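Enquirer: Below is one structure. I have some questions about it.
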Amino acid sequence: MAFKEEFANTRAAWSLLTVYGKFEHAVIVLLTGLIAVIIAFAVWNLVLKILAGIVESRDFDPTDNAVFQALFGMIFTVIIALEFKRSLLVVAERRSSIVQVRTVVLIALLAIVRKLLILDLSVTDALHLFALAAAILALGCVYWLVRDQDNRERASQRGVAQADTRNGS
């Protein structure tokens, strides 16, 4: 019964959308499906590579820097794809009409962390590391500001809702 109600609610919400809103929603659903397929293949490929490394190679050593970098680079790639897919699902569920800035900043931070994990420090110059550190600091500040703004907006909305309930509205 819950599925039928949810389907009816979705159909009712769909009928209220503009043509562009319907187009946008269809594109988001398509992209979400494609990303889900890519994530499934990436996880499968990751499992196969790890198993092949363990079975075929006697010198498979996850503590080796190159192996560690490759493994966690692949894992972070999957995590970034999952976060991107989640951000599209939020838009598809119409909790928001646009992709949230906070989510985009988080994905960018994850991408930079992935870059740092796979970076070979023996051949990387200091300027490159400084640029990555500056990007992390800037994105961290933006994330903090956006989160702080969201918290203030939620607090003000709660204050308005509490005032309405006290006034009997």
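The values are calculated or read from the model by the stated rules, or taken from the named source; none is laboratory data. As the structure is a computational prediction, the values presented were derived from the model and not from experiment. Every residue, glycine as well, gets a Cβ built from its backbone with ideal geometry; the counts of neighbours run over all protein chains shown. Side chains are part of the model used for accessible areas, which takes the heavy atoms of the whole protein and leaves out ligands, DNA and RNA. Shrake-Rupley method; radii C 1.70, N 1.55, O 1.52, S 1.80 Å.
Enquirer: Which of the residues spanning region 130-150 are open to solvent by less than 60 Å² (accessible area, probe 1.4 Å) and either at pLDDT below 90 or among the acidic types (Asp, Glu) (or both)?
Expert: Once the filter is applied, which keeps residues that are open to solvent by less than 60 Å² (accessible area, probe 1.4 Å) and either at pLDDT below 90 or among the acidic types (Asp, Glu) (or both), region 130-150 yields VAL146, ASP148, ASP150.
Enquirer: Separate question: Are there any pairs with C-beta distances below 8 angstrom linking a residue in region 139-151 that is farther than 10 Å from VAL105 by Cβ to a residue that is open to solvent by less than 70 Å² (accessible area, probe 1.4 Å), with the two at least 6 apart or on different chains, and if so which?
Expert: Taking only residues 6 or more apart or on different chains, the pairs are ASP150/ARG102.
Enquirer: Follow-up question, since we're still on this one. Taking LEU127 and the conditions (1) more than 16 Å from the chain's Cα centre (by Cα); (2) at pLDDT below 85, which numbered condition does it fall short on, given that it satisfies the others?
Expert: LEU127 satisfies every listed condition except (2).
Enquirer: Which pairs turn up if I take residues in region 28-52 that are touching a residue at least 60 places away in the same chain (Cβ under 8 Å) and look for partners that are open to solvent by 40 Å² or more (accessible area, probe 1.4 Å) with beta carbon separation below 7 Å, at least 6 apart in sequence or on another chain?
Expert: Pairs that qualify, where the first residue is touching a residue at least 60 places away in the same chain (Cβ under 8 Å) and the partner is open to solvent by 40 Å² or more (accessible area, probe 1.4 Å), are THR32/LYS85; THR32/LEU89.
Enquirer: I've got another one for you. Hey, among LEU106, LEU88, LEU110, which residue is assigned to a helix (DSSP H, G or I), closer than 22 Å to VAL43 by Cα, within 10 Å of the chain's Cα centre (by Cα) and touching a residue at least 60 places away in the same chain (Cβ under 8 Å)?
Expert: On the way: LEU106 fails: touching a residue at least 60 places away in the same chain (Cβ under 8 Å); LEU110 fails: touching a residue at least 60 places away in the same chain (Cβ under 8 Å).
The unique qualifying residue is LEU88.
Enquirer: Same structure, new question: Go through (1) at pLDDT below 90; (2) within 18 Å of the chain's Cα centre (by Cα); (3) surrounded by 13 or more Cβ atoms within 10 Å (Cβ to Cβ) and name the single condition ARG95 misses.
Expert: (3)
Enquirer: Related question: Which members of region 43-85 meet the condition of being β-branched (Val, Ile, Thr) and more than 12 Å from the chain's Cα centre (by Cα)?
Expert: Here is the first cut: in region 43-85, the residues β-branched (Val, Ile, Thr) are 43, 47, 50, 54-55, 63, 67, 75, 77-80.
Listed by number, the residues that qualify are VAL43, VAL47, ILE50, ILE54, VAL55, THR63, VAL67, ILE75.
Enquirer: Go through region 12-36 residue by residue and tally those that are outside any helix (DSSP H, G or I) and of a type outside the set (S, T, N, Q).
Expert: To start, the set of residues in region 12-36 that are outside any helix (DSSP H, G or I) comprises 17-18.
Okay, now just the ones that are also of a type outside the set (S, T, N, Q), so 17.
Here the count works out to 1.
Enquirer: Please identify the pairs in which a residue from region 57-71 that is open to solvent by less than 60 Å² (accessible area, probe 1.4 Å) has its Cβ atom under 8 Å from the Cβ atom of a residue that is of a type outside the set (D, E, K, R) and assigned to a loop (DSSP other than H, G, I, E, B), counting only partners at least 6 apart or on another chain.
Expert: VAL67/PHE60; GLN69/LEU119; LEU71/PRO62
Enquirer: Still on this model: State all residues of region 1-51 that are among the basic types (Lys, Arg) and more than 29 Å from ILE79 (Cα to Cα); if no residue qualifies, say none. It would help to see each step written out before you state the result.
Expert: Here is the first cut: in region 1-51, the ones among the basic types (Lys, Arg) are 4, 11, 22, 49.
Those that are among the basic types (Lys, Arg) and more than 29 Å from ILE79 (Cα to Cα): LYS4, ARG11.
Enquirer: What number goes with the only condition from (1) aliphatic (A, V, I, L, M); (2) over 30 Å from LEU121 (Cβ atoms); (3) surrounded by 13 or more Cβ atoms within 10 Å (Cβ to Cβ); (4) modelled with pLDDT of 90 or more that ALA13 does not pass?
Expert: Condition not satisfied by ALA13: (4).
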